[in-house]
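Quick note: the coordinates plus some simple rules give every number you see, no bench work behind them. Please read all numbers here as calculations on a predicted model, not as lab measurements. With ideal geometry, Cβ positions are generated from the backbone for all residues, glycine too; neighbour counts draw on all protein chains shown.
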Amino acid sequence: MTTTRFAPSPTGYIHVGNLRTALFNYLIARKAGGTFILRIDDTDPERSKEEFVEAIKEDLDWLGLQWDRVERQSARLDRYAEAADRLRAAGRFYEAFETPTELDLKRKKQLNMGRPPVYDRAALALSEAERDALRAERGGHWRFKLDHERIEWEDGILGPQSIDAASVSDPVLIRGDGQVLYTLASVVDDTEMGVTDVVRGSDHVTNTATQIQIIDALGGQCPRFAHHSLLTGPQGESLSKRLGTLAIRDLRAKGVEPMAILSQLARLGSADPVELRGSVDELIEGFDISRFGAAPTKFDVGDLDPLTARVLHGLPAEAVAGDLEAAGVPVEARETFWAVIRDNIETRADIAAWWQVLAEGAEPGADPEDAAFVAEALAILPEPPYGPEAWAEWTAAVKAQSGRKGKALFMPLRKALTGRARGPEMADFMPLMRARPKP
């Protein structure tokens, strides 16, 4: 059975880059009728926060991406310790003692000599007495000993991959303070949880190569790997400094709709154009990981605005019932009100703004050159309620009084009644008005 996972660290909020990874894994699992695991990578006790665990769940739930079960890596430390023991017994795990400063000096020396900055395995030459002496003065970290051979796999997006293990440093799997790092925890979890497909960013390609050897050393079955392109800004700039503003909850607060985000990310970077979908099920049906490319993918948060508007324009009144209620729209007026304003809103926040205009009257919206004309027109505007012919009757009377016609007639009157230059058909809008414009 197909099993995928999303493994966020609870050290912050989910942003669009995280979500893209989560979405791909979710769609693969659901299309195959498989299992989608939410796996919380909380092995770092200092940086992991429970508030972020709950925030991750809230964001995924808001987006409609339901997981089948939750796993916590902090609850599986015994499994990682057991795997570490097996690697030691197999001669594939060794203790090293260099400090970060010492490692940095080694890297700089290798680069100055024109060599790749790969760990020199000096720790393997230490005697037991030397190890004991070093342990007494500093904590040792544990590295996986790579077999220096080519590591090859067929990537679901990048195609055939081949990496020379000799060009890669033996990865640190357990820090000096005993913290289990992502590479070991992920391998053990993927193996024991039966993960069949792993989709993640292309910055993990080298990491995948080392994980393949660790999986083999532990006797596990390698999943199918696919590495998607990384997102950039609209001009190709790095998103790394902007990700704080691209958190899913920040987009939600701005009024972006879930299906706008999901529709964009489910196609962005693929050979298919972005198309607004009406449901997650529609995204599942049309998803094909092989359609994605390796080139960096430009993401423009502004593209979510028209998608959000299109989502809302297609919703029935019952889909925004909570927003209509919160705006104070009476039950008996909701269907008609929504039908009139629906095509003129960009976010749900506009619902309350339009109802406020109808219920309390618009703020003055006349241009200075039209002020006298509008004042004269409002003087002959009857009190509400208004009938279906009210707009036609009033504008005809104003036209006869002022001699104005066309845009010079209608635009100032629209702005006087709504405070805006654009909006619903006034013949439909005016019968809903419960108050005259504010003086």
Inter-probe distance in nm under a simple model that places probes 7 Å from Cα toward Cβ, at residue 121 and residue 50: 4.6 nm
GNM flexibility winner over the chain from 129, 427, 390 (Cα, springs under 10 Å): 129
Other-chain or far-sequence residues with amide H under 5 Å of residue 224's (modelled H): 197, 198
Local electrostatic count, residue 332, Cβ distance below 15 Å [Lys/Arg +1, Asp/Glu -1]: -1
Cut-off under 5 Å, modelled amide H: who pairs with residue 15 long-range: 248
Phi to ³J(HN,Hα) by Karplus 6.51 cos²θ - 1.76 cosθ + 1.60 over segment 19-32, Hz, x for Gly, Pro: 4, 4, 5, 4, 5, 4, 5, 4, 5, 4, 5, 5, 5, 8
Long-range amide H partners of residue 201 with built H, under 5 Å: 228
Gaussian network model of the chain, springs between alpha carbon atoms under 10 Å - residue of 220, 293, 33 with greatest fluctuation: 33
Separation between Cα centres of segment 333-405 and segment 20-77, rounded to whole Å: 49 Å
Order by protection proxy (mean Cβ within 10 Å, highest first), peptides 350-360, 139-149: 350-360, 139-149
Gaussian network model of the chain, springs between alpha carbon atoms under 10 Å - residue of 273, 116, 382 with greatest fluctuation: 382
Note, ³J(HN,Hα) from phi for segment 351-361, Karplus 6.51, -1.76, 1.60, rounded to Hz, x at Gly and Pro: 4, 5, 5, 5, 5, 4, 4, 5, 7, 10, x
Using a Förster distance of 56 Å, the FRET efficiency for residue 349-residue 161 (Cβ separation, nearest 0.05): 0.75
Stretchable slack from residue 206 to residue 371, in nm (0.36 nm times residue separation minus alpha-carbon distance): 52.6 nm
Beta bridges by DSSP in the chain, antiparallel share as percent, to the nearest 5: 50 percent
